[in-house]
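Here is the structure we will look at, set down as structure tokens.
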Amino acid sequence: RSLIESVRMRGDGERPRTPKPKVKVFGLEDKHRKIIGPLFSPFFTPFFISVFQRLGYELEILPMPDRASVETGLKYTNNDICYPATIVIGDIVKALQSGKYDPAQTAVGLTQTGGQCRASSYVSLLKKALVRAGFEQVPIIALSTSTSSSSTGHEQPGFQPSSFHLKTAGVLCLIFSDAIAKMHYFTAVREKHKGESWSLAQHYLDRAVELASVTKAPELMRLLEEAVAAFNEIEIHEGDYPRVGLVGEIYVKYNGFGNGFVADWLMDQGIEVVVPPILDFFLKRFVNDEFNVKNHLMAKNALYLPGMKAMEKIVESLIWRVNRIMKGFRVYRPFHTIRFVAERAERVLSLVNQFGEAWLLPSEISQFADEGIHDVVCLQPFGCIANHVIAKGVEKRLKDLHPELNILYLDMDAGMSEVNVANRLKFLVNGAVESAKNRRVA
């Protein structure tokens, strides 16, 4: 039919409109609700509980996701979304369907990024999933470095905490967790009594949860000193262990289920796993904003950059304090400032590449090579376009700078074969072991 004929057949009457169901907005009357949130990493997520308690909210972190989380996510999300979204959204819907939580007394908390990362769409996708699953009465809290509705694109009048409080507490918690993780990964592969390192890590992470506040920073630093001494007491097997670096998209890099527990598998093979600090992911904004303002890609007032620089100096002083404490550990491998990290990235690509892990990923690989770590696993989830483009795009340049580099790209998705992943990792392990032998002979 022609367009005109179709209009005539439709008539002049107003078409009936059926309002679409929407998820309830988290209002002031909802502050009593229990908030459930997905587990990101056992090293970092527990701190959220303490932070939320200080803000007057009750937060419960869900257990490590499983295959049922993926199957539920595939049912309630579309096929184009990234693998981490499938896991996280499926995990939340699965928890609500379990019957353990009263929808009238429960809310959902989810982190929200910005820019071109698909994590910017997690909240909107979760809203659709909750409606489809029949949980539109369950409101959502979007948590980001700024929790205002203008920055998250999500209305939540019942959750407007101080952004400064979240950021300062976040930096303290992350650098403490990074330090514990660094000692754990070094010790776990060498420990004589299996599980002792992880048990000790959990002990100090649990104690640190109560100190997740800028006013308790001195106590947190004293706790780190105690943790260093405790890790030094663990009996270990001496020797030169092959080292493998782990990089990639932030969720699959730090979430055991998301990466198929690759770190545990490598350690079982006698490999020391080296994981970059998560703090750098958040600190790169200092570099990005300065780069964008100076190159006229972002407009800010004259006081913005000096203010950011002052904040950066505070963070650098904290890194310096942590490094001074970490000198007491068996091996001293310092944390670097974000400027040092950015300088390593500029050897590979322009800092204008800011989507996803962006310039941080090639910087981490380059730092590994500088430290003598030549075997690297790069974890890439399905649908993470920014991560795929950056990671694959910089391979040639990285190998020009570091010819001895051996990078294994692992695609993580809902249908990945565990046997295939293990086989490919086995080849990497064999190469890493052979390289370690050659270094000992030399």
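Observations
- Enumeration of residues in the range 48-81 that are polar (S, T, N, Q), loosely packed, with under 15 Cβ neighbours inside 10 Å and part of a loop (DSSP other than H, G, I, E, B): Asn78, Asn79
- A single member of Ala299, Ala345 is free of Cβ contacts under 8 Å to residues at least 60 places away in the same chain and out of contact with any Phe, Trp or Tyr (no Cβ under 6 Å at 6 or more places or on another chain), and it is Ala299.
Residue by residue, here is whether (1) under 27 Å from Thr86 (Cβ atoms); (2) assigned to a loop (DSSP other than H, G, I, E, B) holds:
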{"site": "Lys216", "(1), (2)": "no, no"}
{"site": "Arg222", "(1), (2)": "no, no"}
{"site": "Ala229", "(1), (2)": "no, no"}
{"site": "Leu246", "(1), (2)": "yes, no"}
{"site": "Lys253", "(1), (2)": "yes, no"}
{"site": "Asn259", "(1), (2)": "yes, yes"}
{"site": "Ala263", "(1), (2)": "yes, no"}
{"site": "Gly270", "(1), (2)": "no, yes"}
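- Glu434 being farther than 17 Å from Gly248 by Cβ, at pLDDT 95 or above and outside the structural domain of Gly90 (by TED's automatic domain parsing): no
- Residue within the range 125-134 that is crowded, with 23+ Cβ neighbours inside 10 Å, at pLDDT 90 or above, under 16 Å from the mean Cα position of the chain (by Cα) and not small (Gly, Ala, Ser) present: no
- The residues on offer are Phe382, Phe368, Phe355, and the sole one that is among the aromatic types (Phe, Trp, Tyr) and over 14 Å from Glu249 (Cα atoms) is Phe368.
- Residue match in the range 88-104 (condition: closer than 28 Å to Leu205 by Cα and in contact with a Gly (Cβ under 7 Å, 6 or more places away or on another chain)): yes
- Selection within the range 367-404 - among the hydrophobic types (A, V, I, L, M, F, W, C) and touching a Cys at 6+ places or on another chain (Cβ under 9 Å): Phe382, Cys384, Ile385, Ala386, Ala391
- The helices (runs of 4 or more DSSP H) found entirely in the range 286-383 that carry 2 or more residues being within 30 Å of Lys426 (Cβ to Cβ) are 360-370.
- Enumeration of residues in the range 319-342 that are among the β-branched types (Val, Ile, Thr) and in contact with a Phe, Trp or Tyr (Cβ under 8 Å, 6 or more places away or on another chain): Ile319, Val322, Val331, Ile338
- Test set (1) touching a helix residue (DSSP H, G or I) at 6+ places or on another chain (Cβ under 8 Å); (2) modelled with pLDDT under 90 - Thr215 fails condition number: (1)
- Condition check for Ile36 on (1) over 20 Å from His154 (Cβ atoms); (2) at pLDDT 95 or above; (3) not aromatic (Phe, Trp, Tyr): one failure, at (1).
- Of all residues in the range 179-233, those satisfying the criterion of being surrounded by 21 or more Cβ atoms within 10 Å (Cβ to Cβ) and of a type in the set (S, T, N, Q) are Thr187, Ser197.
- Only listed residue being surrounded by fewer than 17 Cβ atoms within 10 Å (Cβ to Cβ) and either in the same structural domain as Phe382 (by TED's automatic domain parsing) or of a type in the set (A, V, I, L, M, F, W, C) (or both), chosen from Leu360, Leu318, Leu303, Leu349: Leu303
- Residues being of a type in the set (Val, Ile, Thr) and over 27 Å from the mean Cα position of the chain (by Cα) - total across the range 224-265: 2
The values are calculated or read from the model by the stated rules, or taken from the named source; none is laboratory data. These numbers were taken from a predicted model, which means no experiment stands behind them. Reconstructed Cβ throughout: ideal geometry from the backbone, glycine too, with neighbour counts over all protein chains shown.
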